[in-house]
1. Could you list all residues from the stretch B:283-321 that are assigned to a helix (DSSP H, G or I), among the small types (G, A, S) and surrounded by 20 or more Cβ atoms within 10 Å (Cβ to Cβ)?
2. Out of curiosity, is B:S232 open to solvent by 30 Å² or more (accessible area, probe 1.4 Å), of a type in the set (S, T, Y) and either within 30 Å of B:R72 (Cβ to Cβ) or within 14 Å of another protein chain (Cβ to nearest Cβ) (or both)?
3. For the stretch B:239-246, state whether one or more residues are over 21 Å from B:L130 (Cβ atoms) and more than 14 Å from every other protein chain (Cβ to nearest Cβ).
4. Name the single residue that is farthest from A:S209 (Cα to Cα) among those in the stretch A:158-192 being in contact with a strand residue (DSSP E or B) (Cβ under 7 Å, 6 or more places away or on another chain), in a loop (DSSP other than H, G, I, E, B) and open to solvent by 10 Å² or more (accessible area, probe 1.4 Å).
5. Out of the residues in the stretch A:32-47 meeting the condition of being under 23 Å from A:T226 (Cβ atoms) and not in a loop (DSSP other than H, G, I, E, B), tell me which one is nearest to the other protein chains (Cβ to nearest Cβ).
6. Just give me the residues in the stretch A:386-420 being among the aliphatic types (A, V, I, L, M), open to solvent by 20 Å² or more (accessible area, probe 1.4 Å) and part of a helix (DSSP H, G or I), in sequence order.
7. Inspect the stretch B:268-282 for any residue being part of a helix (DSSP H, G or I), within 30 Å of B:S353 (Cβ to Cβ), within 13 Å of chain A (Cβ to nearest Cβ) and not aliphatic (A, V, I, L, M) and give the result as yes or no.
8. Checking the conditions here, which among A:L147, A:L153 is touching a residue at least 40 places away in the same chain (Cβ under 8 Å) and over 23 Å from A:L171 (Cα atoms)?
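The values are calculated or read from the model by the stated rules, or taken from the named source; none is laboratory data. These numbers were taken from a predicted model, which means no experiment stands behind them. Don't worry about glycine lacking a Cβ; one is built from the backbone with ideal geometry, like all the others, and counts go over all protein chains shown. Just so you know, the surface numbers come from the protein's heavy atoms only, side chains and all, with ligands and any DNA or RNA stripped out. Shrake-Rupley method; radii C 1.70, N 1.55, O 1.52, S 1.80 Å.
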Amino acid sequence: MGQTSSAIELRNVTKTFGSVVANKNICLDIRYGEVLALLGENGSGKTTLMNMLSGIYYPDGGQIYYRGEPVDIRSPKDAHALRIGMIHQHFKLVDLFTAAENIRLGMPGSAGKNVAAQIKEICDRYGFEIDPDQKVYNMNVSQKQTLEIVKVLCHGADVLILDEPTAVLTLQETQKLFRVIKAMKEDGKAIVIITHKLNEVLEVSDRVSILRRGEYIGTVETKDATELSLTEMMVGQKVDLNIDRPLVEKKKPLLEIRDLTIRDDEGNVAIDGVNFYIRGGEMLGVAGIAGCGQKELCEAIAGLRPIESGMMVHGDEDISRMSPKEISARGISMSFIPEDRLGMGLAPSLSITDNVLLKSYKESERHSPFVDRKRGREEANVIIDELGVITPSTETPVRRLSGGNVQKVLLGREIKTNPNVIVTAYPVRGLDINSSYLIYKILNEQKMSGVGILFIGEDLDVMMALCDKIMVLFHGKVMGIVNAATATKEQLGLMMTGSLDLTQIKDTESKKTGIAQDSNIKEETV
Amino acid sequence: MSTEKKKKSGESWQMHIVKREMLSRPRAWGIRLAAIAIALVLCALLIYSITKLNPVKVYVSMFKGAFRGSLRTWNTIRDTMVLLCISLGLAPAFKMKFWNIGAEGQVLVGGIATAACMIYLGNQLPLPLLLVVMFVASCLAGAVWGLIPALFKAKWNTNETLFTLMMNYIAIQLTAYFVALWENPYGSNSVGLINPDTHGGWFPPLFGMDYLLNVILVLALTVGMYFYLRNSKQGYEIAVVGDSENTARYVGMNVKRIILRTMIISGAICGLAGCIAVAGTSHTISTEIGGGRGFTAIIVAWMSKFNAFGMIAYSFLLVFLEKGAMQIASDFGLNNETSEIMKGIILFVVLGSEFFLNYKISFRKISAKEEKNA
């Protein structure tokens with residue numbers, strides 16, 4: 001039984017950055033003993049709003065009330081005094097310190113003395129698991145997040161704001177998080193959870209407030225809401241949430257990976273004896289928790305990372321040790337669409353034209369010492385028209401574009417190279433719903449034209465709807481490859497945490513996971 | 001009146017720094033010109049408050065220092081060209097985000113190579129051939145000096161800022177060694193004019209103008225560098241590597257090769273600046289031929305945002321300030337520091353104006369009511 005009195009009220013809060021209105025006349029009501037979900041697409045102003053509550057930004061207009069009294073939150077200190085605690089998306093922890101030391105930081109001298117006892121009390125009360133003496137650098141993401149929550153509780157917060165807390169968690173970890181959120185709610189804490197995932201909103205919250213492009217759309221009771229009604233409020237129009245999975249006639253394996261081992265930057269084994277294959281016209285999803293080797297796998301296939309051992313067979317040739325030149329001389333074209341699009345893949349300060357030219361500037365008029373910008377502009381215009389990139393001109397630096405448009409430029413350039421295989425890592429990360437669906441559509445079009453696609457994803461619902469097969473990695477090992485249409489989330493979740501290893505169950509002498517029966521690799525070459 | 005002006009209790013202003021949208025070109029230049037005007041006013045106030053001199057007179061004297069008579073005018077042009085040449089050399093390196101602060105050393109080794117050619121070949125080779133040999137030798141020397149830190153960077157990822165800086169000191173010591181070696185006359189501790197009678201290796205006067213060859217060389221280089229950075233495939237690669245090394249690697253550029261190649265070009269142009277300083281200007285070699293221009297050129301390259309034509313204006317501004325400051329120091333018996341202060345104020349304001357090209361400051365009132373809530 002929690003109290004449901006008002007903790008914090010926002011009335012017409014406005015914040016602008018230059019000419020950009022991040023928040024416009026937002027009204028919120030945060031109550032004790034209740035979970036409020038703040039729902040909105042990327043860039044709709046959720047985080048800005050919460051930063052004003054935690055004293056990082058100061059509103060340009062409007063008023064904040066604390067327990068009915070008007071207050072002025074000018075610094076994180078003021079927020080602390082009002083018992084507001086924020087758990088940021090990017091953790092603010094000192095890596096070299098232990099859990100207890102991190103919690104003691106920012107507590108007045110004497111209060112930190114029996115911090116271990118406090119931690120234990122809080123852990124017992126809400127069901128956290130945390131070792132006060134563990135160093136942060138030894139923790140995984142979920143443990144770090146737990147520590148962040150325990151930290152703000154130890155600092156006395158009774159209003160907790162969690163910014164996209166599930167973005168980095170596996171399904172099982174998310175379930176665990178929701179259990180403690182519910183326990184805190186029962187204890188009378190006020191909780192705000194910022195998210196753009198609808199199923200989580202429906203699962204954990206009591207009320208939902210929706211923002212769209214910085215504007216307050218409204219608040220609804222969760223029990224009256226559906227995924228469709230929330231999406232409509234969030235996007236402002238009816239959206240078809242179904243993802244197509246066009247069926248393409250099975251072709252011979254296009255790319256076969258056999259016993260592949262790759263090391264990461266520190267020299268540890270990141271991918272460990274992995275087997276899989278992609279057929280033309282097939283989309284293979286790769287699921288796994290962060291750091292399970294997806295990044296290294298992509299980079300190796302794209303030729304950016306040397307492989308330790310194993311084969312990468314395209315058609316009937318092993319390309320794993322060929323130079324990019326030799327590979328392209330065989331008419332093989334692989335496209336890698338990396339997750340950090342502005343860090344790798346695009347040059348952010350250069351114009352769209354220059355970015356479109358990145359892959360082809362050398363080939364055009366091979367002997368001319370000059371860059372053919374005229375052709376670049378033409379190609380840029382084609383991409384802008386075909387994919388609907390919103391930009392002032394072809395000469396706009398790509399970092400000035402929105403996330404969705406950045407991705408369209410990158411994807412457009414890659415498709416123009418007519419790839420046989422597309423490797424894409426988190427292609428919709430940071431994109432709004434409409435852009436995401438457009439990206440799915442483009443990938444499906446490529447698939448239907450016979451391209452093999454390796455799709456590294458994070459949203460299991462999307463992968464189960466979009467991909468043909470899903471391969472699960474755990475610490476660089478394949479836990480199994482399942483049919484996406486018949487897999488369940490629970491099964492995938494267990495495989496992602498290493499609790500379920502299908503290869504142990506299913507592999508026999510004659511049939512091994514990830515080895516095609518109609519393989520192009522002749523046995524004597526193995 | 002006074003009551004109106006008086007602040008109401010509890011009312012206060014809050015300052016805001018806000019990012020600007022893209023500024024139009026004329027407005028941007030307007031801000032820059034305004035900055036120079038503000039700097040001149042600030043300097044005038046300072047001059048008057050310290051020395052009680054008429055600031056207008058001081059400015060006239062500054063202008064005369066740089067432009068009175070054709071000799072001074074030519075000296076200003078000559079020094080501008082050396083500074084411009086070094087800046088042109090730095091531009092590709094900086095555009096690639098390779099922090100080459102070793103121009104001073106690259107100029108010195110280029111100067112040593114030139115002096116060596118003049119001393120050992122000066123009276124043997126015909127002048128046109130000798131000039132070509134000097135150009136090549138100075139470029140090679142500068143290129144090697146620039147290449148060494150680049151090799152270490154490419155191979156072991158050493159920090160090029162420290163490395164190029166240290167290379168300066170080696171170059172200074174090396175110059176000191178050669179000055180001792182070529183000392184003339186004995187015991188003077190300097191090299192003196194090289195080939196004072198035959199003028200072997202001196203840049204020849206063109207159309208009766210001593211420094212016209214310097215101007216032609218450097219301006220040709222300016223045009224070349226402008227198009228190299230803007231239109232060439234190599235310039236494009238430099239921009240991509242400078243913007244995102246990962247992306248460059250991702251599209252298959254050989255990043256190491258691009259770094260090495262660019263530093264060869266950068267060092268070679270700085271070496272050529274050494275040649276112009278020795279054979280085209282002082283006709284002798286000393287540790288002072290760089291005169292700190294290797295560092296001043298960093299300011300020029302950055303202020304002009306690597307636009308080769310913009311560098312002409314900024315090199316000229318800096319040399320003008322230097323000449324003018326020297327002149328007012330002697331005309332009014334001010335010591336060197338006064339003119340350094342003026343130079344500092346002008347540079348500070350001009351560089352500071354770049355901030356206002358990207359941001360603007362706005363104020364807003366916080367009402368008494370809000371204040372009370374605090």
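1. Result: B:G294, B:A297, B:A301, B:A308, B:S315.
2. No, not satisfied.
3. So far as the stretch B:239-246 goes, no, none of its residues is over 21 Å from B:L130 (Cβ atoms) and more than 14 Å from every other protein chain (Cβ to nearest Cβ).
4. Step by step, filter the stretch A:158-192, then rank; the result is A:D158.
5. Once the filter is applied, the top-ranked residue is A:K46.
6. Across the stretch A:386-420, the qualifying residues are A:L387, A:I415.
7. No, because not a single residue in the stretch B:268-282 is part of a helix (DSSP H, G or I), within 30 Å of B:S353 (Cβ to Cβ), within 13 Å of chain A (Cβ to nearest Cβ) and not aliphatic (A, V, I, L, M).
8. One residue alone meets the criteria, A:L153.
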